[in-house]
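To start, the structure under review is shown below, and the notes come after it.
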C-alpha cells in the first residue's frame, strides 16, 4: 500500500481527505465521485485513484486547479492479517511456501473492491489455516513483484531459494506466484533445477483471496498436498480444474499455459494430459511417466540465461528487416511462432538466412499451440530446414523461448544448441504426439 | 511442379534419372536411397528432393562429386485432373469459387506421398463433383500462393475478386485458402468488404485431398452449401467440426483461429460460439445475431492497409528498447499480446510512453487468447491505460493486428484510432463476455 506524495498529498491534506473516504474531485471541468484508493505503485505520481460506484478504479490527473471535497469519512479495513499460532507437528511433512508476490498473496477490501498486495508470506498462511493440517509450513520470501513484472533474474533467485529449501530438508516446496507469467517461471524452474528429488509446486489465484468466488484456498491447499504427499519430483503447476470449487489439476511445468484471462480453470496442459488431480487434498495420478521423488539427493541450480532472445510471431508479409533488426540489436537467438506445421512467409527467408550466417539460431514453433511442428510435409518447411531452422517439435512457443535462453546460457555452439533444443530435457517435448489431446471450445448455455 | 535446372539437371540426365524414379545418391560421403521428387518451388536449386522409405522428404545438396544411380525406373502418376462436363442448371444458385492456392487445391501422389499444388481452380471442381448438385459453379483464380506466403496486398486482390463476383450476381462466394493464415485473411476480408450482402466463405483442408483421411471434400461441399443456401451476409470460415468426417462448423471470420497443426477440427471459434453447423449440406444455425443477406446491394472494398504494424508478445523482462526499435523502424502501430488481463512488464513502460509520444498507437490484447482484456482490475493495467494503451476487449491478437493495419489505413488520428479499435465493426468484439465459452483440453483415451 502506497501513500500519495508531493502536490497530490498537499491537496488531499488541505481537503482533510484520507484513503478510504468518499470524495468528489473536480479536475479539468469534469467531476468524479468515488472512494479514494491507495496510490498505485507504478502510476504517475500526479494522479489519484478513485473507485467509482460502478466498481471501476480510475486515475484522475491532479494539478493546482483540482478541487477535492470530502463527502463521507470512511475507514479502510485493517490490512494486516493476524498471525495465527503455528502448530508444529514433527510427524508431518515439512513444506516451504516461497512468496513472490501476485494475486494469491493479495487481499481485497470488500467495500471498495480494491486489491491490496499482501507481501508477507505469513499472510498466505494466515488466510488458509487448513494447510497446517497437511504439513508444517515454513514461509520464505524470494521476491516481491506482480508476476507481469517477473524477470529472468528473479527466476534464478526463486530457483536458489527453492534449491536451498529442498537441500535443507523440505518435503516439498510451494511457489506462490501471480498467474500472468506463472507458466514462464514454471518452465524456467524446470530447466534450472538439476537433480530435483522433491516436488516443486507453483500455485496462484485467478480471483483475489477474500472474494467469495476466490480459487485461492483450494489451489493452495491442493498445492501443499502435492508438495507434502506426492512422489512427483518435478516442477508442476497446481490450479483449478473446473469452475466449480471442487478439484485442481497437476500440470507439468513445461506443458502448461494460462488460456483464459479470468476463468479459474484458465491453466490447461497443452499437447499432453495433466499428471493428475487433487480433490479434498487427495491426489489421483493419471499416468506414471514422471520423475519419482526420493528421500535423499542434492538439487543444483543451473541458472545462466542468455536474456537476449526474441520471440517472433510469423504474420502475413512479415519482412526480413524485422529479423535483421533483431540480430543487429544483439539478440543471440530467435524463436518463431510459425504458422501451421511450422512455416514462415517467403518474405522472411532472407532474414532467417542472415541470422544463420551470424550463428544466431532460429527455432520454429507453431502459433497453433496445439499439435506438432512438422517441416517435412510441405516445400516451405523443407526450405526452412535447409536454411538451418531448428524445429521445436510440440513445444509451446513460450517454453521454447525460455529453453533457448537457458540453452544459450550453456553453449553458443550452433550444433549443440540445435541438439539440445530438439532433445527432451524435462518433459517439454512429448516423445509421441497424442492426436487425442486437444482443446474443444465448449459452450454450456444455449 | 518444377523441373530441376543447372548442375542438378545435368547430373540427373547423365544418370538417366527422372522424377519418380527410385535412386541412390551419394553426396559428401553419405548415401541416400529414395524416390526422386519434383524440385521444390523455393528451395536452393543445388539440391534434389528425395522421398525416403520412412515417408519423409529430404533435400540432398548436389555438387560435382555427387553420384546418382538409377535403382528402379518408375512413372509419377498423371497430375492433370480431367475436367468434367459442367452442368448448368438455371434454377440453381450461382457460387463462385475463388482459388488462392493452398492445400485444398493440392493433390497427393499416393505412391510417393508428395503434395503437388494444383493451381487451377478447375482442379478443385474436378475433385469434388458433388458441389455441382448444390450450385452452378464458376471458378476464378485470385492468386497462387501457399497461405504462409499470403500478404496484405493479396488480401486486397482477393477482396476485389470477391466483390466483383458478388456485385456481378453470385449467390455467394467460396474462397479456397490454405489453412496456415486463413484466419488472418478472413479477418482482413471482414474489415474490407463494406456493404456485404451475400455470404463469403473461406474454406481449406488440413489434409491434402486424395488422401483417404482428407477433409477437403466435406469442407468444400459444406462451404458451397453455406455460400449457396445461407442468409449469412458475413465473412465466415467453414471447416471440420470434429475429427469424424460428419459435420462442419460455421465460424465468424473475426472470431476464429487455427488451433492445431494437423487435426481436421483445428479451427475453433474463440470467445464466441460458432454461427452454426453444416451436416449433409444442411445448415443449422446456433444463433440469430448475424448480418442478414439480401438479394440486392453493392459491396465496396475498403482496401487500404498500413502494413507497418508490429505484433509483440509481452515476455518476462522484455526491454523498452524493443518498442523503441519498432518505432525507429518506422512502424505506425503496435499490438501487444499482454499477459493475463492485459498487462506488460514494467521494463516496457518507458517504450510504451516513447511510442505514445510519437503518436504510435499501442493496442493491448491477451496472450491467453480466451477471455477479455480488463485493465481496471490491477494497478499495472491502470498504469498502462494512463500511458494511453488501447484495450482491445476480447479481440484475438491476430485480429487486432489486422484491424489496426486497416484502421491506420483510414486514419492516423490517435483519438479516432482508439475509438475505432474499441468499437465493434464486424463481429470482432463481442458486446458481452460469455464466461461459458472456453476451451477444455480433452483426452479421450485413458
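The values are calculated or read from the model by the stated rules, or taken from the named source; none is laboratory data. What you see is a predicted model, and the numbers here were worked out from it, not measured in a lab. Every residue, glycine among them, receives a Cβ derived from its backbone with ideal geometry; neighbour counts consider all protein chains shown.
Here segment A:330-364 is the region considered, the condition is being in a loop (DSSP other than H, G, I, E, B), touching a residue at least 40 places away in the same chain (Cβ under 8 Å) and at negative phi, and the residue that is nearest to the chain's Cα centre (by Cα) is A:332. Condition (residue is within 12 Å of chain A (Cβ to nearest Cβ), more than 24 Å from the chain's Cα centre (by Cα), part of a helix (DSSP H, G or I) and more than 30 Å from residue A:370 (Cβ to Cβ)) applied to segment B:403-415: is it met by at least one residue? There is no residue in segment B:403-415 that is within 12 Å of chain A (Cβ to nearest Cβ), more than 24 Å from the chain's Cα centre (by Cα), part of a helix (DSSP H, G or I) and more than 30 Å from residue A:370 (Cβ to Cβ). Restricting attention to segment B:241-250 and to residues that are surrounded by 24 or more Cβ atoms within 10 Å (Cβ to Cβ) and more than 10 Å from every other protein chain (Cβ to nearest Cβ), the residue that is farthest from residue B:372 (Cα to Cα) turns out to be B:248.
Within segment A:337-364, being surrounded by fewer than 24 Cβ atoms within 10 Å (Cβ to Cβ), facing chain B (nearest Cβ under 10 Å) and more than 14 Å from residue A:385 (Cα to Cα) holds for one residue alone: A:347.
Scanning segment B:128-141 for residues that are surrounded by 21 or more Cβ atoms within 10 Å (Cβ to Cβ) and within 24 Å of residue A:378 (Cβ to Cβ) yields nothing.
Scanning segment A:427-439 for residues that are touching a strand residue (DSSP E or B) at 6+ places or on another chain (Cβ under 7 Å) and away from chain B (no Cβ under 14 Å) returns a single hit, A:427.
Would you check if residue B:314 is at the interface with chain A (Cβ under 8 Å from one of its Cβ atoms) and at pLDDT 95 or above?
yes
In the set (1) part of a helix (DSSP H, G or I); (2) more than 7 Å from chain A (Cβ to nearest Cβ); (3) within 28 Å of the chain's Cα centre (by Cα), residue B:424 fails one condition alone, (1). Scanning segment B:177-186 finds no residues that are at pLDDT 95 or above, more than 14 Å from chain A (Cβ to nearest Cβ) and not in a loop (DSSP other than H, G, I, E, B). Within segment B:365-402, the set of residues being under 25 Å from residue A:367 (Cβ atoms), part of a loop (DSSP other than H, G, I, E, B) and either in contact with a helix residue (DSSP H, G or I) (Cβ under 9 Å, 6 or more places away or on another chain) or more than 7 Å from every other protein chain (Cβ to nearest Cβ) (or both) comprises B:367, B:369, B:373, B:374, B:375, B:389, B:392, B:393, B:394, B:395, B:396.
Counting residues in segment B:335-344 that are under 12 Å from residue B:380 (Cα atoms) and out of contact with any strand residue (DSSP E or B) (no Cβ under 8 Å at 6 or more places or on another chain) gives one or more. The conditions of being facing another protein chain (nearest Cβ under 9 Å) and either modelled with pLDDT under 95 or closer than 27 Å to residue B:370 by Cα (or both) are not met by residue B:334.
Every residue, every condition in (1) over 37 Å from the mean Cα position of the chain (by Cα); (2) closer than 20 Å to residue B:376 by Cα; (3) modelled with pLDDT of 85 or more, yes or no:
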residue: A:13; (1), (2), (3): yes, no, yes
residue: A:29; (1), (2), (3): yes, no, no
residue: A:39; (1), (2), (3): no, yes, no
residue: A:44; (1), (2), (3): no, yes, no
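Filter segment A:50-79 for residues that are modelled with pLDDT of 80 or more and either in a strand (DSSP E or B) or within 14 Å of chain B (Cβ to nearest Cβ) (or both) and give the result. Across segment A:50-79, the qualifying residues are A:50, A:60, A:61, A:62, A:67, A:68, A:69, A:70, A:71, A:72.
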